[in-house]
Amino acid sequence: MTPARFLLYVVLTVCAVIMLVPFIWMVLTALKSELEIATFSWLPQKFRWDNFVKAMDAAPFLTYFRNSFLIAIGETAVTLILCTMAGYSLAKMHLRRSKMWMNYFIVLLMVPFQIILVPLFLIVKSVPLFGGNDILGQGGIGWLNSWWGSSFRLLQRLSSRSWRDSSTCPSRLSWATRLASTGSESSASSLAS
């Protein structure tokens, strides 16, 4: 092992330990009593595992986890479906002003999400049947997603170098799929190969 490689390992190990210290401190603090938290010490005098039981009894964390899981899965599924359709149509279909839409997505990606977070929340929280709202748009908490970034990334993937000539998803594969769905499988297999 060369000295430069050894020095690199030492620096990376020190950085890893520095990054792990807050996590270790959090776990050790969770095992302390309330009096021990008020004073600084790395190790608790007695490991209090019942703190985790008390925390689970204090709030319905399993319900919170289930709700977060359902929202994450639902948002991911909807985003994936819509972005796949949008990216494919913009990359493969000959649409008027498709170059303008590509530039529009690029401009949207230049705006940091932190700038539009509050206005987006204020708009989304009153949309009917969205983010927990009823049919009148009341009672919701807002449900933010990242449709514009995802569809642009998919659009980039589908339309590789030039706008309509794609090497990542060849057009002949699309035509083969269309032919196969009509029943002429011999033509589809010769076109796909």
> Within the stretch 22-41, how many residues turn out to be surrounded by fewer than 11 Cβ atoms within 10 Å (Cβ to Cβ) and assigned to a helix (DSSP H, G or I)?
Replying inline: 7
> Out of all the residues in the stretch 82-107, which are surrounded by 14 or more Cβ atoms within 10 Å (Cβ to Cβ), hydrophobic (A, V, I, L, M, F, W, C) and under 21 Å from the mean Cα position of the chain (by Cα)?
Replying inline: Leu82, Cys83, Ala86, Phe105
>> For a quick check of your reading of the model, give me the residue pairs whose first member lies in the stretch 1-25 and is more than 19 Å from Trp42 (Cα to Cα), whose second is not in a helix (DSSP H, G or I), with beta-carbon atoms closer than 6 Å and at least 6 apart or on different chains.
In response: none
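Any read-out appearing in this document is the output of simple, stated calculations on the displayed coordinates, not a laboratory observation. No experiment lies behind these values; they were computed from the predicted model shown. All Cβ positions, glycine included, derive from the backbone under ideal geometry; neighbour counts span all protein chains shown.
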